[in-house]
Amino acid sequence: MITDDPGTPGNGKWEINLAIAFEHRSGETSLDLPAIDLNYGVGEQIQLTLQTAPVLLTREDHGPVGGLGGTEAAMKWRFLDEEKSGLNIAMFPRVIFNIQQSSARRGLAEDGTRFQIPFQIAKTFGRFHADAEFGPLTSTLGRSEWIYGIVGGVEVAKTTMLMAELHGTSRMNFSRDVLTVNFGLRHQLTEARILIASIGHELRDPDQARAFIGYVGVQLLF
């Protein structure tokens, strides 16, 4: 899902997500082939993250364009645990930058360097799970924004969870917001492999270029 949760892999453990993700707007489609998300646990409450993806962009007015998309480096710190405090709460500061400066010019990534300091909170209610995220997003180019999201999930079987999400961004005065609804599936194939899939649609976009988004991938734990 778009909204992050406060979970961490555990000390010395890896969580690797490999996926194909797409975003389709009128006249153009971008594909992450694959989206790569590497997470490593330092102690039980710290996670180091590195994300990137080769991107293929197709537009009606020209042929396909490929290259490296934006790269994200982050560190998550879960400072409250549900077992002790009743809630999982974490902060997840991150920086998003372009290794290839031509990526923004070619439409494969956003221009400039961006910084996020979101907080995540999660709570389990038997078979039901709830996650929420909120925090600022600043950039070396353009206006600062808020990011926010909420996810609800229900375990329909011991190995399967269905999820629904609302995720958005808005200016600091909460105007010109982009709001996305997203539905997902998480299915445990084995103890070390989990299938994750989602599909969503932007409900609001001030530029009226509402996107369809999708994600299908596997999570590897070791």
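The values are calculated or read from the model by the stated rules, or taken from the named source; none is laboratory data. It should be emphasised that the depicted structure is a prediction, and the values quoted were computed from it without experimental measurement. We place every Cβ from the backbone using ideal geometry, glycine too, and count neighbours over all the protein chains shown. Only protein heavy atoms, including side chains, enter the accessible area calculation; ligands, DNA and RNA are left aside. Shrake-Rupley method; radii C 1.70, N 1.55, O 1.52, S 1.80 Å.
Of all residues in segment 176-197, those that are touching a residue at least 40 places away in the same chain (Cβ under 8 Å) have Cβ atoms under 8 Å from Cβ atoms of residues that are among the charged types (D, E, K, R) and open to solvent by less than 30 Å² (accessible area, probe 1.4 Å), 6 or more apart or on another chain, in Thr180/Glu165; Thr180/Glu202; Asn182/Glu165; Gly184/Glu165. Would you say Gly86 is more than 21 Å from Ile121 (Cβ to Cβ) and exposed (fewer than 13 other Cβ atoms within 10 Å of the Cβ)? No; evaluated as a whole, the condition is false for this residue.
Summed over segment 83-142, the residues that are out of contact with any strand residue (DSSP E or B) (no Cβ under 6 Å at 6 or more places or on another chain) and of a type in the set (D, E, K, R) give a count of 5.
From Gly107, Gly153, which residue is crowded, with 18+ Cβ neighbours inside 10 Å and more than 21 Å from Met75 (Cβ to Cβ)?
Details: Gly107 fails: crowded, with 18+ Cβ neighbours inside 10 Å.
Of the residues listed, the single one that is crowded, with 18+ Cβ neighbours inside 10 Å and more than 21 Å from Met75 (Cβ to Cβ) is Gly153.
Counting residues in segment 35-45 that are surrounded by fewer than 17 Cβ atoms within 10 Å (Cβ to Cβ), among the β-branched types (Val, Ile, Thr) and within 15 Å of Gly214 (Cβ to Cβ) gives zero.
Sub-7 Å Cβ pairs linking a first residue in segment 123-148 that is touching a residue at least 12 places away in the same chain (Cβ under 8 Å) and under 20 Å from Leu179 (Cα atoms) to a second residue that is of a type in the set (S, T, N, Q) and open to solvent by 50 Å² or more (accessible area, probe 1.4 Å), at least 6 apart or interchain, are Ser144/Thr138, ordered by first then second residue.
For (1) without any contact (Cβ under 8 Å) to a residue 60 or more places away in the chain; (2) more than 29 Å from Leu203 (Cα to Cα); (3) β-branched (Val, Ile, Thr), each residue gets a yes or a no:
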site	(1), (2), (3)
Asp5	no, no, no
Leu33	yes, no, no
Thr49	yes, yes, yes
Trp77	yes, yes, no
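Scanning segment 36-91 for residues being at pLDDT below 95, among the β-branched types (Val, Ile, Thr) and more than 26 Å from Asp111 (Cβ to Cβ) gives a total of 0.
If you go through segment 76-97, how many residues are closer than 12 Å to Gly7 by Cα and either assigned to a helix (DSSP H, G or I) or of a type in the set (A, V, I, L, M) (or both)?
Keep residues of segment 76-97 that are closer than 12 Å to Gly7 by Cα, which gives 76-82, 87-92.
Pick out the ones that are also either assigned to a helix (DSSP H, G or I) or of a type in the set (A, V, I, L, M) (or both) and you get 80, 82, 87, 89-91.
Final tally of qualifying residues: 6.
The residue that is least open to solvent (accessible area, probe 1.4 Å), among those in segment 188-222 that are of a type in the set (Asp, Glu) and assigned to a loop (DSSP other than H, G, I, E, B), is Asp205. Phe79 passes every criterion in (1) farther than 25 Å from Asp177 by Cβ; (2) surrounded by 15 or more Cβ atoms within 10 Å (Cβ to Cβ) apart from (2). Summed over segment 147-202, residues that are closer than 22 Å to Pro9 by Cα and more than 13 Å from the chain's Cα centre (by Cα) total 21.
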